[in-house]
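First the structure, in the form of structure tokens, and then the observations on it.
The values are calculated or read from the model by the stated rules, or taken from the named source; none is laboratory data. All values derive from a computational prediction rather than experimental measurement. All Cβ positions, even for glycine, are placed from backbone atoms using ideal geometry, and neighbour counts span all protein chains on display. Ligands, DNA and RNA are excluded from the accessible area calculation, which covers all protein heavy atoms including side chains. Shrake-Rupley method; radii C 1.70, N 1.55, O 1.52, S 1.80 Å.
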Amino acid sequence: MIGISIEKFTKLFIKDNSGEKYEDVVKRLKETLKRKNEGACCQVCGQSIWAIGSAIGGFDGCFKCITGESDDSGDYEIY
Ligand SMILES: [Zn+2]
């Protein structure tokens, strides 16, 4: 995964999702990242969660379970 700051990712995300508010997205990402760092697990397979996908997708999951893809090399993860 490509590491990205919450602020940078949110700016990119807002560009494609104009209905979302910057502050709301930052807040959701921060909360999810905190849960990840506290050991939150994918609800499907038990792996460490993908914070971006979990914040936006609405459930705690890892990259594979959220996207159905195995190659995460081109996707972002916040830190
Ligand atoms: Zn999973």
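Based on the Cβ-Cβ distance from K8 to Q43, what FRET efficiency comes out when R0 is 30 Å, to the nearest 0.05?
About 0.65, to the nearest 0.05.
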Looking only at G19, G39, G58, which one moves most when the chain is put into a Gaussian network model with springs between Cα atoms under 10 Å?
-> G19
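Using a 1.4 Å probe, what is the accessible area per residue for the chain, in Å²?
Working: 4960 Å² over 79 residues.
Each residue of the chain exposes 63 Å² on average to a 1.4 Å probe.
Which of the trypsin sites (Lys or Arg not before Pro) found in the chain are in a DSSP loop and have at most 13 neighbouring Cβ atoms, other than their own, within 10 Å? Mind showing how you got there, number by number?
Values: sites: K8, K11, K15, K21, K27, R28, K30, K34, R35, K36, K64; in loops: K21.
Answer in residue order: K21.
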Cα-based count: Lys pairs in the chain below 21 Å, eight or more positions apart or different chains?
-> 16
Measure nothing but the geometry: give the 0 to 90° angle between the long axis through the Cα atoms of 22-37 and the longest principal axis through the Cα atoms of the chain, rounded to 10°.
-> 20 degrees
Could you please report the charge total around Q43, scoring K, R as +1 and D, E as -1 over all other residues with beta-carbon less than 15 angstrom from its beta-carbon?
-> +2
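Would you mind finding the longest exposed-site-free stretch of the chain, with exposed GluC sites (Glu not before Pro) meaning DSSP loop and at most 16 other Cβ atoms within 10 Å? Present the calculation step by step, with values, prior to reporting the outcome.
Numbers: sites that count: E20, E38, E69.
The reported range is 39-68.
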To the nearest 10 degrees, how steep is helix 6-16 against the longest Cα principal axis of the chain, on a 0 to 90 scale?
-> 70 degrees
Starting from the range 8-61, pick out the chymotrypsin sites (Phe, Trp or Tyr not before Pro) whose DSSP state is loop and whose Cβ has at most 13 other Cβ atoms within 10 Å.
-> F59
Treating only Lys and Arg (+1) and Asp and Glu (-1) as charged, each at its beta carbon, one finds that the chain has a dipole about its Cα centre, in Debye to the nearest 20, of 260 debye
Once normalised by the length of the chain, the mean sequence separation of its alpha carbon contacts under 8 Å that are 6 or more apart gives a contact order in percent of 37 percent
How far, in nm, would the chain grow between D75 and K21 when pulled straight, counting 0.36 nm per residue and subtracting the alpha carbon separation?
-> 17.3 nm
Taking the reciprocal of mean 1/r across every pair of different Cα atoms in the chain, the Kirkwood radius in Å is 12.6 Å
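Count charges around Y76 for me, please; just the other residues with Cβ under 13 Å from its Cβ, Lys/Arg as +1, Asp/Glu as -1. Don't skip to the answer; put the middle values down first.
Numbers: positive: K8, K11; negative: E7, D16, D72, D75, E77.
It works out to a net charge of -3.
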